[in-house]
Every structure is written in C-alpha cells, then in structure tokens.
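The values are calculated or read from the model by the stated rules, or taken from the named source; none is laboratory data. These numbers come from a predicted model, not from an experiment. Positions of Cβ are generated from backbone atoms using ideal geometry, with glycine treated the same way; all protein chains shown enter the neighbour counts. Surface accessibility is based on the protein's heavy atoms, side chains included, excluding ligands, DNA and RNA. Shrake-Rupley method; radii C 1.70, N 1.55, O 1.52, S 1.80 Å.
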Amino acid sequence: MGVLAGAEPFSHPGSSGAGFLLCHGFTATPDGMRAWGAHLAGEGFAVRCPLLPGHGTHWRDLNRTTWQDWYATVRESLLALRAECDQVFVGGMSMGGTLTLRLAEEFGADISGLVLVNPSVTRLSLDAKVLPLLSRVVPSIRAIGNDIAKPGEVELAYPRTPVRAAASLARLWKIVRADLPKVSQPVLLLHSRVDHVVEPENSQIVLDGISSTDVTEVVLENSYHVATQDHDAELIFSRSVDFARQLRAGQVGAG
C-alpha cells in the first residue's frame, strides 16, 4: 500500500548551520510535525522528519515492524543531519520523544539539546501489562490518535492501534527508562495538563531519571496529547526556537 497523502517525510535546508531532527509518534505521521518543521525552517534551521517504518500506509503494516526499525530510521536521519550541520537538536512527540531519548542515550554530546512533547516511557493502564499476550491473539485495538482539544483539527493517524507493534514499543520503553541517567543534554520538556493517551507520570519519570542539569519544564494548559496540532502549538514552536538559539549562543538554561 502506498503512503497516504500528507504522511510523506519532509526536510528543509537551513541557513544557520544548526539542524533539527523531528520524530513523530506511534501510529502517527510527519503530518503532525509539519507545522513545527516549517516554523523551525523559517527561523533558519535545517529540518528532517522521516516517516517511520510501518506508518502512513495501513495499520497492518505497522504490526510487521519493530522498535528497532523505527529507531534505525531516526538514527540514519540524525547521522545525515549531523553531516550537514555543526550543531543538531532533536525534538519528538509521544513515541517520538521515546526515540529522541534513545538517540540522546546513544549519541551523548553529539546532540546539543532535546525538545520533548508529551514523551512516552510507560503505560500504566492494564492493557499495557497484557500486551505481550494480547499481541498473540488480537491484531489491533481501539485507536489512540486525534486526542486534540482544538475544534476542527484532525491528526493523520491510524484508525486502529496495532497490538504487536505496541508490544514492541513497550519493550523500547523499558530500555529507555533503564538508560535515562545517560541523558545529560539540555532538555526542554513540554507536556499537556490533560492528556488522554500518555499519563502525566511519563514526564515525571523522565524528569526524575535524566542526569541533565539544564532542564526546562513547560505545562501546556490548553492542549491534549497531540499538542503540535493543538492550541499550544505556537508556544511549542517558539519555545523550541528560543531553547536552541540560547544554547547555540552559549547561554545556560532555556527558561
């Protein structure tokens, strides 16, 4: 099956020497990051946002992939961006935040800063605990997409959640949580006050686990989970630019 219209990966050339890798979420597509990427490009950043394997086609395709496939794709994009830029930042939403943290754990100081939007590192509800068993008998469960407060805004995401892929994501969460102390880069973490997909405990686990000393937490008061398409989108965009520019200028702190 071909890639859905709007789900295509995107990239922008930069003029500042700095680049941003953007990572989209589970069952979602680069469409949810497109406005963020355009804003960053307008401020002079080179931008890359790959389409993760199994995404942007049909949910059954996602069940044929694993977290290693998704991570290999963002890793490849990071290496390409590093070859073009003298400084690289990584931003991700939801599972994109999970992948961002994993990149930070591997690449250390080669990444200058992280922007995390409603990052996921666990699922406290019962269905997550039974995912390994469920994945053997049930191909999909209800969708997690379109948790948006803004009227009329629609996320380009799958209408079902592939269970085998979700079980693989849960394995990635475990690895990322165990290695959170390896994250020492400056972090801007933005999370929604009300999120019906990723529980607020996720952001707290990240904040408690990382070793970073330069950390800014921003609570998004007017958005649900898909915050890059919600009422607080412009706040996310502007804060990420300020964060990167301050670090690029050698200033300590992004708040």
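Taking label positions 7 Å along the Cα-Cβ direction at both Ser15 and Arg136, the computed distance is 5.9 nm, reported to one decimal.
Against the chain, whose longest principal axis is taken from its Cα atoms, helix 163-178 shows a tilt of about 40°. Counted residue by residue at 0.36 nm each, then reduced by the alpha carbon distance between them, the extension gain from Ala35 to Arg245 reaches 73.7 nm. The order of the peptides 8-17, 140-149 by mean Cβ neighbours within 10 Å, most packed first, is 140-149, 8-17.
Here the accessible area is traced with a 1.4 Å probe on the protein chains. For the stretch 28-151, carbon and sulfur cover 53 percent of it.
Using the 1.4 Å probe convention, the accessible area of the chain works out to 41 Å² per residue with neighbouring protein chains retained.
Estimated at 0.36 nm per residue, the fully extended path between Ser238 and Asp61 surpasses their Cα-Cα distance by 60.2 nm. When Lys and Arg each count +1 and Asp and Glu each count -1, what net charge do the other residues less than 10 Å away from Ile148, Cβ to Cβ, add up to? Once all neighbours under 10 Å are counted, the net charge is -3. Residues whose amide H comes within less than 5 Å of that of Ser120, counting only those at least five positions distant or on another chain, are Ser94, Met95, Gly97, Thr98 (H built at 1.01 Å from N in the peptide plane). Work the Kirkwood hydrodynamic radius out for the stretch 199-238: mean of 1/r over every pair of different alpha-carbon atoms, inverted, in Å. With all distinct Cα pairs of the stretch 199-238 included, I get 11.5 Å.
Per residue, the average separation of C-alpha pairs within less than 8 Å and at least 6 apart gives the chain a relative contact order of 20 percent. To test your reading of the geometry: what angle, between 0 and 90 degrees and rounded to tens, separates the Cα axis of helix 95-107 from the longest principal axis of the chain? The two axes meet at around 50 degrees. The relative contact order of the stretch 156-232 comes to 33 percent, based on Cα pairs under 8 Å that sit 6 or more residues apart.
Computed from phi, the 3J(HN,Hα) profile of the stretch 53-67 under the Karplus parametrisation 6.51, -1.76, 1.60 (θ = phi - 60°) reads x, x, 9, x, 10, 9, 4, 5, 5, 5, 5, 8, 10, 10, 4 Hz, with x in place of Gly and Pro. Positive end of the dipole of the stretch 10-253 (Cβ unit charges, origin at the Cα centre): among Gly54, Leu220, Ile236, the Cα lying farthest that way belongs to Gly54. Rolling a 1.4 angstrom probe over the stretch 190-243 with all protein chains present gives an accessible area of which 47% lies on carbon and sulfur atoms.
At the listed q of 0.16 Å⁻¹, the Debye profile of the chain, built from one uniform point per Cα, gives log10 I(q)/I(0) equal to -1.17.
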